[in-house]
Amino acid sequence: MSALPPYASKTQIAWHYTFRAICGLIFFFLIFPIIVIVPLSFNAEDFFTFTPKMLALDPEGYSFKHYQDFFTNPDWQQALYNSITIAPVATLLATAFGTLAAIGLSQSHVPFKSAIMAILISPMIVPLIISAAGMYFFYSRIGLQGTYLGVVMAHAALGTPFVIITVTATLVGFDRSLTRASASMGADPVRTFFKVQMPLIIPGVVSGALFAFITSFDEVVVVLFLGSASQKTLPWQMFTGLREQISPTILAVATLMVAISIVLLTVLELLRRRSERLRGLTPG
């Protein structure tokens, strides 16, 4: 926020600092529950609360035992394996389908674009429990319920809307004369896409892919409906740990997932700035 001008009134000054205070409180309300998990994950005891030794900053109150349990426990490692085998494949499918859908809907001659867009982004609007129940009944009829392919397709369906939105936003500033120039030079549509369009919209594509990956990696409701016992992902294992056995290892896993999310969000911000520079919205 820019500094207040010297001619600002008392009301404007009061609102300026009030607005900052409100934003700070909202930020604290959203971030504090996440931050408090990090030190608790180093608790030397099997508790979900701060021990006297932790509050006194005694080194004996801190330990990496919960992280060690995560990397040595076969249940957690199987859940991690399932997550890293499901999320990347679902991300690839969501990115491919979402990018093609966004490019198709960006064409002026496509009829009923608003209706088609509403249908395609409905998975991120409809409550997840409804989507999961619908997928369960549909997949059980075609034999995909409880299969790896079924979980991947479900996660791809959840991630596709994010790709469509980010790529569509990138295409807003795309110069259509570039594709016409490519066609006039004899390039076919596929070559035009990879040589002209893709280099310019790649920030939106990668941003959508990261959102799709996060959606798949953190999703638990759909996999509870569609997955089998051998397909427990990390969120499913965390949910089971909270419901059946209170394991502090959940805190270590949550901290690792928060760190991964921070890295991905940082990449998203860098891509957003690069996209703005490519479209000339910000100086290089």
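Where does the charge balance sit around T240 when Lys and Arg score +1, Asp and Glu -1, over other residues with C-beta under 11 Å from its C-beta? Mind showing how you got there, number by number?
Details: positive: K232, R243; negative: D75, E244.
Taking every other residue near T240 into account, the sum is 0.
Counting pairs of alpha carbon atoms under 8 Å apart in space and at least six apart in sequence, what relative contact order in percent does the chain give?
Computed over the chain, the figure is 26 percent.
Would you mind pulling out the separation of the Cα centroids of segment 75-126 and segment 196-213, in Å?
12
Using θ = phi - 60° and the Karplus curve 6.51 cos²θ - 1.76 cosθ + 1.60, what whole-Hz ³J(HN,Hα) does each residue of segment 97-110 get, with Gly and Pro shown as x?
Ordered by residue, 3J(HN,Hα) equals 5, x, 5, 5, 5, 5, 5, x, 6, 7, 6, 6, 8, 6 Hz.
If amide hydrogens are placed 1.01 Å from N in the peptide plane, which non-local residues have theirs closer than 5 Å to the one on N43?
Those lying under 5 Å, H to H, from N43 are S63.
First obtain the Kirkwood hydrodynamic radius of segment 123-251 from its Cα pairs, then insert it into the Stokes-Einstein equation at 4 °C and 1.567 mPa s, and state the resulting D in µm² per second as a whole number.
75
For the ranges 220-233, 70-83, what's the packing order if you count other beta-carbon atoms within 10 Å of each residue, average per peptide, and put the highest first?
The densest-packed peptide leads the list: 220-233, 70-83.
With Rg and the Kirkwood Rh both taken from Cα atoms, where does Rg over Rh land for the chain? Don't skip to the end; give the middle numbers.
Values: Rg = 23.6 Å, Rh = 22.3 Å.
The Rg/Rh ratio comes out at 1.06.
Compute the distance in nm between two label points, each set 7 Å from the Cα along the Cα-to-Cβ direction, one at E269 and one at A118.
With each label placed 7 Å out from Cα toward Cβ, I get 3.6 nm.
For the ranges 177-184, 18-25, what's the packing order if you count other beta-carbon atoms within 10 Å of each residue, average per peptide, and put the highest first?
Listed from highest to lowest mean packing, they are 177-184, 18-25.
GNM, the chain, Cα, under 10 Å: largest mean-square fluctuation among D58, D218, D46?
Most flexible of the set in this elastic network: D58.
Give the aspartates and glutamates reachable from K65 as a straight Cα distance under 14 Å; neighbours fewer than 8 places away on the same chain don't count.
Within the straight-line cut-off, K65 pairs with E45, D46.
Evaluate E = 1/(1 + (r/R0)^6) for D218 and V172, where r is the Cβ-Cβ distance and R0 equals 25 Å; express this FRET efficiency to the nearest 0.05. Could you put the intermediate results ahead of the total?
Details: r = 28 Å, r/R0 = 1.13.
Here the calculated transfer efficiency is 0.35.
Normalised by the residues of segment 138-284, what does the relative contact order come to in percent, with Cα pairs under 8 Å and at least six apart?
Averaging sequence separation for qualifying contacts and normalising by length gives 32 percent for segment 138-284.
Name the residue, out of M198, M135, M153, whose mean-square fluctuation peaks in a Gaussian network model built on the chain with Cα pairs under 10 Å.
Ranking M198, M135, M153 by mean-square fluctuation puts M198 first.
Where a number appears in this text, it was derived from the coordinates with a stated rule and is not lab data. Worth saying up front: this structure is predicted, and the values here are computed from it rather than measured. Using ideal geometry, Cβ is built from the backbone for each residue, glycine included, and neighbour counts are taken over all protein chains shown.
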